[in-house]
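The values are calculated or read from the model by the stated rules, or taken from the named source; none is laboratory data. This structure is a prediction, so every number in the text was calculated from the model and none was measured. Heads up, the Cβs are rebuilt from the backbone with ideal geometry, glycines too, and the neighbour counts pull from every protein chain shown. Heavy atoms of the whole protein, side chains included, go into the accessibility calculation; ligands, DNA and RNA do not. Shrake-Rupley method; radii C 1.70, N 1.55, O 1.52, S 1.80 Å.
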Amino acid sequence: MLSCNHYELSTEMNSINFLWLMILMSFVSLSLELTYFNSLEKFFGLERCNSNWIKKDIEGLSSDLKSKVFGQPLIGKALLSSLKFFLENDNPSKPFVMSFHGSPGTGKTMVSQLIAANMYFKGTKSKFYRHYTMADTHFVSQIELIDDIKTRAKNCERSLFVFDEIEKMPNGTFDALKPFLDFHHEVIGIDFRKNVFIFISNNGMNKINSITKDLWYNGVKREEIKLSSFDKSLFTSALNEEGGLKGTGVVKNYLVDLYLPFLPLEKEHVEQCIRAYQHDISSKNMNNVIDDLVFEPKDAPLFSLSGCKSVESLVRRYHWHDEL
C-alpha cells in the first residue's frame, strides 16, 4: 500500500515537473521569438511605435544641447526638466506644447531637431517626427493639416509635431488645433495626450533682445537670467503678432505649457558656433568671419543680428580662400 502511494506521488511530481518545464520552454521560446522579431525590425528598419524605436533619451539631449547650442542657459533650466517630466509620465493630462521665440540663428530649429534625435532611434528621419514649414508643399489648408496630424497621432501616441516659421503663416492657422492640445482623453477617437507640439517663430524677438540688453546693462549675467522675465511679453507676442497663433484659442486658453525665449547671441557664442563647425579654424579666419557679421544695437553692438545662421557659409568661404 505504501509503495503504491509512493508510486502515485512520484508520478504526480513528474507531471508537475513536466508542466513547469513546458511553461519554462514556452517563456524561453516567446522570449527568443520577440528578440528575433525585434532584431528583424532593426535590421530592416521597420520602425514601429514601441520602445525599440522610441528612446526618450533626456541625458543624451542634455549632452547634445551643451555641445551644439550656445548662449541659451534657459534651455537647460526650463526645457530639459519639463520635457523629462512629460516623457516619463505614462498618463499626462494633455499634450506637451512649447513655443520657441527669438531672432534667426539662435538655435530654435536646431533644438527641435535635437529633441527628435533623442526621442527616436531614427531621429529626424523617424516617421513619428513631422516638421512643417511654409515651404512644405503639404501645408496647403487647415483641413489637410488636421488630417495629417490626426493620422500621425493615431499611428503613434508619442509623435512630435514641429511648426516652423509660424510668423509667415496665415493668422489663426492653428486655431483648429485647440481640441487636440486641450485636456481631453480623446478627440474623434484619438488620444493626443502623449504627443509633443512645438511652435517656432521670430515673434517676440525685439522684446527678447531689448530685455536681454537691459539685463546686461544692469549687470545681470546671462546664466542668471530668469524665464519669468519674458513670460508676459512672449504670451502677448504669440497672441497679437502676425502669424499662425495670432488670436487663437491655443494661446487664449493657456494651452502652451512653455514659452521659451532664445536670447540674442554675443560674440563669444558665435565663436563657439564657428569652432563647433570647424574646430581647427585659424585665428585669422575666425576674425574674418566675426568681422563679416553685423552686431546690434548700433549704440552698443552686443548681439549678432543673424546669430549663427550664416556662420557655416562664411567659414567655408575663408577656408576656400586659404586653399587657393
Give the range 89-139 a look and list any residue that's in contact with a Lys or Arg (Cβ under 9 Å, 6 or more places away or on another chain) and at positive phi, or say none. Gly102, Gly105, Gly107
Counting residues that are surrounded by fewer than 18 Cβ atoms within 10 Å (Cβ to Cβ), which helices (runs of 4 or more DSSP H) fully inside the range 46-128 reach at least 3? 58-68, 80-87
Consider the range 129-163. How many of its residues are open to solvent by less than 10 Å² (accessible area, probe 1.4 Å) and in contact with a helix residue (DSSP H, G or I) (Cβ under 6 Å, 6 or more places away or on another chain)? 3
Does Val270 meet the test of being of a type outside the set (D, E, K, R), part of a helix (DSSP H, G or I), touching a residue at least 40 places away in the same chain (Cβ under 8 Å) and closer than 23 Å to Ile200 by Cα? yes
Quick one: what pairs do we get from the range 203-215, first residue surrounded by 21 or more Cβ atoms within 10 Å (Cβ to Cβ), second in a helix (DSSP H, G or I) and of a type in the set (A, V, I, L, M, F, W, C), C-beta under 9 Å, 6+ apart or different chains? Asn203/Ile166; Asn203/Leu234; Asn203/Ala238; Gly204/Leu234; Gly204/Ala238; Ile208/Leu234
Mind checking whether some residue in the range 266-277 is surrounded by fewer than 16 Cβ atoms within 10 Å (Cβ to Cβ), within 30 Å of the chain's Cα centre (by Cα), among the basic types (Lys, Arg) and farther than 17 Å from Thr106 by Cα? no
Which of the following residues is open to solvent by less than 10 Å² (accessible area, probe 1.4 Å), farther than 17 Å from Phe303 by Cβ and touching a Gly at 6+ places or on another chain (Cβ under 8 Å): Leu239, Leu234? Leu234
Taking the criterion of being in contact with a His (Cβ under 7 Å, 6 or more places away or on another chain), modelled with pLDDT of 95 or more, open to solvent by less than 50 Å² (accessible area, probe 1.4 Å) and over 15 Å from Pro92 (Cβ atoms), would at least one residue in the range 178-201 satisfy it? yes
Consider the range 126-172. How many of its residues are under 28 Å from Trp53 (Cβ atoms), modelled with pLDDT under 90 and not small (Gly, Ala, Ser)? 7
